[in-house]
Amino acid sequence: MSVESTVRAVTTYRLTEMKQRGEKISMLTSYDYSMAKIVDAAGIDVILVGDSAANVMAGYETTVPITLDMMIYHARSVTRGAQRALIVVDMPFGTYQGNSKLALDSAVRIMKETEADAVKLEGGEEILESVQRILTAGIPVMGHLGLTPQSIHKFGTYNVRAKEEAEAEKLVRDAHLLSDAGCFAVVLEKIPAALATRVTKEIPIPTIGIGAGGGTDGQVLVIHDMVGLNKGFSPRFLRRYADLHEVMTDAVTRYIADVKSGDFPNEKEQY
Ligand code: KIV
């Protein structure tokens, strides 16, 4: 394999160019080989191996319990399935906060063991040292501000963040800090649209919104929510593009009926 062919079509540099020319960036999560293959072949720009895997893959209430080993397993499956999209991996809770050496070790493990392109960390000023140390190793970093689910026990609610002026001003400062430090993009989750638009105009790196309105440089959704696999989650910002829950339930129900009646397998379906 040549050096060129190991570099994906979508790079962090290309995302900056997209922001500069006003081309919106599409991003979706994936956690396994088969899903990543579909999402990549459809032409998505960025695949996020989100720690939302804790919820939609492992069935946990929050993203807090997922481990680095679990994230590495998911990320390895995704990188095998996707050729074109930039692949970003969430650093899980407890692998980067308050300890920049641990942060670098965790990020290096992700990069070496998964062949992903970048990592994502939640938070601003409080994790800046970790962000800086990871960046010094040449590992691209995506930031994540607003509703940062790893801090759910601090917030106590999944409601919209930064509605009050003090929190909004801190978010703007944090966005500048992450951008100045050298992050290549920042996710803005569940904040007022006007605030997301302001941040997008003020910083030179792309902003990717989820529940942050149409003024960001790109959008991200959790794939299970967007294709209707996860029916129990219906926030206002979610647009469902399919109802795979219904499609799969119908398929499984008909299969059970066919097995019970002896209709499956028929003569053509045997050797
Ligand atoms: O883990 C995740 O899926 C995320 C997105 C919601 C941005 O962080």
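Within region 187-196, is there a residue that is basic (Lys, Arg) and assigned to a helix (DSSP H, G or I)?
Going residue by residue through region 187-196, those that are basic (Lys, Arg) are 190.
From what is left, the residues that are assigned to a helix (DSSP H, G or I) are none.
No, every residue in region 187-196 fails to be basic (Lys, Arg) and assigned to a helix (DSSP H, G or I).
How many residues, within region 244-271, are out of contact with any His (no Cβ under 9 Å at 6 or more places or on another chain) and closer than 19 Å to Asn55 by Cα?
Total meeting the criteria: 1.
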Complete set of residues in region 118-163 that are within 16 Å of the ligand (Cβ to nearest atom) and open to solvent by 70 Å² or more (accessible area, probe 1.4 Å) = Tyr158, Asn159
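Residue-by-condition table, conditions (1) open to solvent by 20 Å² or more (accessible area, probe 1.4 Å); (2) at pLDDT 95 or above; (3) not polar (S, T, N, Q):
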residue	(1), (2), (3)
Glu17	yes, yes, yes
Ser26	yes, yes, no
Asp32	yes, yes, yes
Ala58	yes, yes, yes
Thr63	no, yes, no
Asp69	yes, yes, yes
Ala82	no, yes, yes
Ile87	no, yes, yes
Ser100	no, yes, no
Which residues, counting only those in region 52-78, are outside any loop (DSSP other than H, G, I, E, B) and more than 14 Å from the ligand (Cβ to nearest atom)?
-> Leu68, Asp69, Ile72, Tyr73, Arg76, Ser77
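Determine whether His144 is within 19 Å of the chain's Cα centre (by Cα) and closer than 21 Å to Thr12 by Cα. Working first, answer last.
Working: within 19 Å of the chain's Cα centre (by Cα): yes; closer than 21 Å to Thr12 by Cα: yes.
So His144 passes the test.
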Top-ranked residue in region 16-51 [being part of a loop (DSSP other than H, G, I, E, B) and within 18 Å of Thr114 (Cα to Cα); ranked as nearest to the ligand (Cβ to nearest atom)] | Gly50
When you go through Ala242, Ala166, Ala185 one by one, which is the residue that is surrounded by fewer than 12 Cβ atoms within 10 Å (Cβ to Cβ), of a type in the set (A, V, I, L, M) and within 19 Å of Ser30 (Cα to Cα)?
-> Ala242
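The values are calculated or read from the model by the stated rules, or taken from the named source; none is laboratory data. Keep in mind it's a predicted model, so treat the numbers as computed, not measured. Every residue, glycine among them, receives a Cβ derived from its backbone with ideal geometry; neighbour counts consider all protein chains shown. For accessibility, only protein heavy atoms count, side chains too; no ligands or nucleic acids. Shrake-Rupley method; radii C 1.70, N 1.55, O 1.52, S 1.80 Å.
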